[in-house]
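Peer 1: What follows is a structure written as structure tokens; I'll ask about it next.
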Amino acid sequence: MVPPTQLIAAFVFLFGLIIGSFLNVCISRLPKGKSVVRPSSRCPRCGKSIRPYDNIPVLSYFFLAGKCRACKMRISPVYPAVELLTALLFLACYAVFGNSVETIKWTAFCAILVVLIFTDWRERLLPDTVNFTGLAIGLVVSFFVRPDDGTALWIANRLFEFPPPMPVISFADALIGAIVGGGLLWLVGEGYFRLRGREGMGFGDVKMMLMAGAFLGLRRTILTILLGSVLGAILGAIFILSSRKGSDYELPFGTFLGAAALLVVFFGTPVVTWYQSLFVMR
Ligand SMILES: [Zn+2]
């Protein structure tokens, strides 16, 4: 008998591979404004539709030795990488959050981030469809999870004698996170525009953090923006120095923010708790 947790973990991993395969479709089609449902996947060169047995996540890439069956065009290794990454993130969510609504919330967030990380990296685009669908999911799912940011509860305790029910607190945390996340990025963008007289980042980053804030809440949103900026500065400097592209090269800030958000989901709690301990009991 296989213990049920291992069985569920295997199922979560397989489910992640299948969703990762769908995210690949989203990554290649959404920036072009195409439907993710129709038509079925085709080779971009010869136009032959990909047979179901050649569309098995990760495995097909290796069976086909990374080439189209019909025309032998090289298939990007990004495809199996996205599938594997999604499966590992889903597995990590299950490992950290267990059998809970939180697992559903964070797997959805990871899937959204995977799409944004790759569309911004490849095309410098953060599609509205992803940002706004994500924002809606983040706000709705907040009613079903326990609030753990503490900001809304802190405010409610000062405003009301009896704090509102937990779903309302949780929803307020999501709203605060969204407003602060979108607002901070908008301010940074405005400042950059005033300073240098040209657009430093697209409005896509603002909408991305509006969405991410709804999932993360105030503290994790601020941590994500800080970490994303540090990652962007370090990796951006390395990239600009090591390549011949000038300092005008547009960095995929959404990719850094997305990577930062993933790190905050899995490793942010100790930082948030430590930060909180600086203020409590003084
Ligand atoms: Zn082909």
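The values are calculated or read from the model by the stated rules, or taken from the named source; none is laboratory data. Predicted, not measured: the structure shown is a model, and the values here were computed from it. All Cβ positions, even for glycine, are placed from backbone atoms using ideal geometry, and neighbour counts span all protein chains on display.
Peer 1: L23 fails exactly one of the following numbered conditions: (1) within 14 Å of the ligand (Cβ to nearest atom); (2) out of contact with any Pro (no Cβ under 7 Å at 6 or more places or on another chain). What is the number of that condition?
Peer 2: With respect to (1) within 14 Å of the ligand (Cβ to nearest atom); (2) out of contact with any Pro (no Cβ under 7 Å at 6 or more places or on another chain), L23 is out only on (1).
Peer 1: Yes or no: region 1-11 includes at least one residue that is outside the structural domain of R220 (by TED's automatic domain parsing), within 16 Å of the ligand (Cβ to nearest atom), more than 14 Å from the chain's Cα centre (by Cα) and farther than 21 Å from L262 by Cα.
Peer 2: Checking region 1-11: not a single residue is outside the structural domain of R220 (by TED's automatic domain parsing), within 16 Å of the ligand (Cβ to nearest atom), more than 14 Å from the chain's Cα centre (by Cα) and farther than 21 Å from L262 by Cα.
Peer 1: Right, another one. Of the numbered conditions (1) within 16 Å of L23 (Cα to Cα); (2) in contact with a Ser or Thr (Cβ under 9 Å, 6 or more places away or on another chain), V115 fails exactly one; give the number of that condition.
Peer 2: Failed condition: (2).
Peer 1: If you take the residues in region 39-58 that are under 18 Å from C26 (Cβ atoms) and of a type in the set (G, A, S), which one is farthest from the ligand (Cβ to nearest atom)? Reasoning before the result, please.
Peer 2: Here is the first cut: in region 39-58, the ones under 18 Å from C26 (Cβ atoms) are 39-42, 44, 50, 55, 57-58.
Subsequent filtering for residues that are of a type in the set (G, A, S) retains 40-41.
On the way: S40: 14, S41: 11 Å.
Looking at the filtered set, the residue picked out is S40.
Peer 1: Now for a separate question. In region 91-100, is there at least one residue being buried (at least 20 other Cβ atoms within 10 Å of the Cβ), of a type in the set (F, W, Y) and over 26 Å from D205 (Cβ atoms)? Give the derivation first.
Peer 2: Here is the first cut: in region 91-100, the residues buried (at least 20 other Cβ atoms within 10 Å of the Cβ) are 93-94.
Those still in the list that are of a type in the set (F, W, Y) too: 94.
Within this subset, residues satisfying the condition of being over 26 Å from D205 (Cβ atoms) are 94.
Scanning region 91-100 turns up at least one residue that is buried (at least 20 other Cβ atoms within 10 Å of the Cβ), of a type in the set (F, W, Y) and over 26 Å from D205 (Cβ atoms).
Peer 1: Among the residues of region 238-258, count how many are loosely packed, with under 12 Cβ neighbours inside 10 Å, at pLDDT below 85 and not in a loop (DSSP other than H, G, I, E, B).
Peer 2: 2
Peer 1: With respect to F97, is the statement that it is away from the ligand (no atom under 16 Å from the Cβ) and either free of Cβ contacts under 8 Å to residues at least 24 places away in the same chain or of a type in the set (K, R) (or both) true? Quick ask: steps written out before the conclusion?
Peer 2: Working: away from the ligand (no atom under 16 Å from the Cβ): yes; either free of Cβ contacts under 8 Å to residues at least 24 places away in the same chain or of a type in the set (K, R) (or both): yes.
For F97, the condition - away from the ligand (no atom under 16 Å from the Cβ) and either free of Cβ contacts under 8 Å to residues at least 24 places away in the same chain or of a type in the set (K, R) (or both) - is met.
Peer 1: For F62, are the conditions met, namely being more than 14 Å from the ligand (Cβ to nearest atom), loosely packed, with under 15 Cβ neighbours inside 10 Å and in a helix (DSSP H, G or I)?
Peer 2: On the way: more than 14 Å from the ligand (Cβ to nearest atom): yes; loosely packed, with under 15 Cβ neighbours inside 10 Å: yes; in a helix (DSSP H, G or I): yes.
Yes; evaluated as a whole, the condition is true for this residue.
Peer 1: Report yes if S35 is surrounded by fewer than 16 Cβ atoms within 10 Å (Cβ to Cβ), in the same structural domain as Y61 (by TED's automatic domain parsing) and in contact with a strand residue (DSSP E or B) (Cβ under 6 Å, 6 or more places away or on another chain), otherwise no. Walk me through it before giving the result.
Peer 2: On the way: surrounded by fewer than 16 Cβ atoms within 10 Å (Cβ to Cβ): yes; in the same structural domain as Y61 (by TED's automatic domain parsing): yes; in contact with a strand residue (DSSP E or B) (Cβ under 6 Å, 6 or more places away or on another chain): no.
Here the answer is no, as S35 does not meet what is asked.
Peer 1: Still on this structure, please answer the following. When you look at A81, is it away from the ligand (no atom under 16 Å from the Cβ), without any contact (Cβ under 8 Å) to a residue 60 or more places away in the chain and outside any loop (DSSP other than H, G, I, E, B), yes or no?
Peer 2: In short, yes.
Peer 1: Against the conditions (1) more than 16 Å from the ligand (Cβ to nearest atom); (2) part of a loop (DSSP other than H, G, I, E, B), where does S76 fall short? Just the number, please.
Peer 2: Result: S76 fails condition (1) only.
Peer 1: Got at least one residue in region 135-150 being of a type in the set (F, W, Y), loosely packed, with under 15 Cβ neighbours inside 10 Å and not in a loop (DSSP other than H, G, I, E, B)?
Peer 2: Within region 135-150, one or more residues are of a type in the set (F, W, Y), loosely packed, with under 15 Cβ neighbours inside 10 Å and not in a loop (DSSP other than H, G, I, E, B).
Peer 1: Just a yes or no: is a residue in region 223-233 crowded, with 16+ Cβ neighbours inside 10 Å, under 13 Å from the mean Cα position of the chain (by Cα), closer than 20 Å to V141 by Cβ and modelled with pLDDT of 80 or more?
Peer 2: For region 223-233, residues crowded, with 16+ Cβ neighbours inside 10 Å, under 13 Å from the mean Cα position of the chain (by Cα), closer than 20 Å to V141 by Cβ and modelled with pLDDT of 80 or more: present.
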